[in-house]
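All of the numbers you see were taken from the coordinates with simple rules; none came from a lab. Model, not experiment: these values are computed from the prediction. So basically every Cβ, Gly included, is an ideal-geometry build from the backbone, and we count neighbours across all protein chains shown.
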Amino acid sequence: MEGKTMRNELLSPKQVQAEYGFSLQTLANWRWMGEGPAYIKTTPGRSGRVMYRRSAIEAWLDAQTVTTGGEAA
């Protein structure tokens, strides 16, 4: 059950930066452009608190994965 709990864990942008290496500015740019991993806005407004589900980050990374050795991308 711990694996499922960890996948649904909520991470702040700073935690995402520490664990996945994306800068806070990159995360903010992706949100502004409607790109990057899905996020949760827990409070309304421009300065609202943003959180990411670990599972959403992992799914987004999986979707960005390019397999080599086959046809040209």
*Taking 7 Å along the Cα-to-C-beta vector as the label spot, tell me the Thr43-Thr65 distance in nanometres, rounded to one decimal.*
3.7
*Take the Cα of Lys14, step 7 Å along the line toward its Cβ, and report every residue of segment 29-73 whose backbone nitrogen sits under 16 Å from that point.*
48-52
